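The values are calculated or read from the model by the stated rules, or taken from the named source; none is laboratory data. From a predicted model like this one, the values you see are computed outputs, not experimental measurements. A quick note on method: Cβ atoms are made from the backbone with ideal geometry, for glycine too, and the neighbour counts reach across all protein chains shown.
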Amino acid sequence: MRVLVEHSHAAGATYRVAHVLSDQPDAAGLGVAHDLGVATQVLRSHKGADRAAYDRELAAAIDACAPSPSSPPLVVLAGFMRILSAPFVTKFSGRILNIHPSLLPKYPGLHTHRRALEARETEHGATVHFVTEELDGGPRIIQARVDVADDGDEAALSRRVQAMEHRIYPLAVDWYCGGRLRYDDGQAWLDGRALVEPVQFSGA
């Protein structure tokens, strides 16, 4: 989240982070966002609360952030661990991005670094994708790869993957807000071309 906000302040950025929403009142990102001059809001979810009702409240808060009815907001997930309901995803279809710490479709869900090490993968990485009703199954946009070291250090692998996440997530948001990236007919499109496979980040 910090990297996305900082990138939005750079010359040539195509987007502005209007609001940071969290379901955790003690989330560190709220303080970071405040320090960077971004408005924040906590939508706390209580144990046993109705999921659909929460997602309606979340959707209303997002709509309130839109600069105008003709400029609908892009929803960018960053450490938001709730599984979004089908009605929520449908309402914002094609306007929700997520980043996942694996080379999807490998290792959806949790503990991706541990699972990659246990499988003795030689490379691992991160994927930016559009969010659909299928968990971590939406159209892939861009991936970054890292070599897996032989020492089996999960924390070190996580740090290396996160460094790549900080490169590719602002890039994908720039593409979308700059009109280059879109979602149509269940596919990601970049510069008018359907992405049969995600863009592979070269580091350039």
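Brief remarks follow.
- Scan the range 129-141 for residues that are of a type outside the set (S, T, N, Q), in contact (Cβ under 8 Å) with a residue 24 or more places away in the chain and out of contact with any Phe, Trp or Tyr (no Cβ under 6 Å at 6 or more places or on another chain) and the total you get is 8.
- Residue under evaluation E118, criteria (1) in contact (Cβ under 8 Å) with a residue 24 or more places away in the chain; (2) over 20 Å from M164 (Cβ atoms), criterion not met: (1)
- Considering each residue of the range 38-45 in turn, none proves to be outside the structural domain of L97 (by TED's automatic domain parsing), within 30 Å of R167 (Cβ to Cβ), in a loop (DSSP other than H, G, I, E, B) and out of contact with any helix residue (DSSP H, G or I) (no Cβ under 7 Å at 6 or more places or on another chain).
- Number of residues in the range 107-144 that are among the basic types (K, R) and surrounded by 15 or more Cβ atoms within 10 Å (Cβ to Cβ): the value is 2.
- Qualifying residue in the range 86-93 (condition: at pLDDT 95 or above, surrounded by fewer than 16 Cβ atoms within 10 Å (Cβ to Cβ) and of a type in the set (S, T, N, Q)): yes
- Sole residue being touching a Leu at 6+ places or on another chain (Cβ under 7 Å) and either more than 22 Å from A66 (Cα to Cα) or not aliphatic (A, V, I, L, M) (or both), chosen from R82, R95: R95
- Per-region count, the range 101-140, residues under 16 Å from E197 (Cβ atoms) and of a type outside the set (F, W, Y): 15
- Scope the range 128-158; condition assigned to a strand (DSSP E or B) and within 13 Å of the chain's Cα centre (by Cα); matching residues: V128, H129, F130, R140, I141, I142, Q143
- Considering residues of the range 159-184 that are aliphatic (A, V, I, L, M) and part of a helix (DSSP H, G or I) only, the residue surrounded by the most Cβ atoms within 10 Å (Cβ to Cβ): A172
- Residue in the range 59-74 that is in a strand (DSSP E or B) and modelled with pLDDT under 90 present: yes
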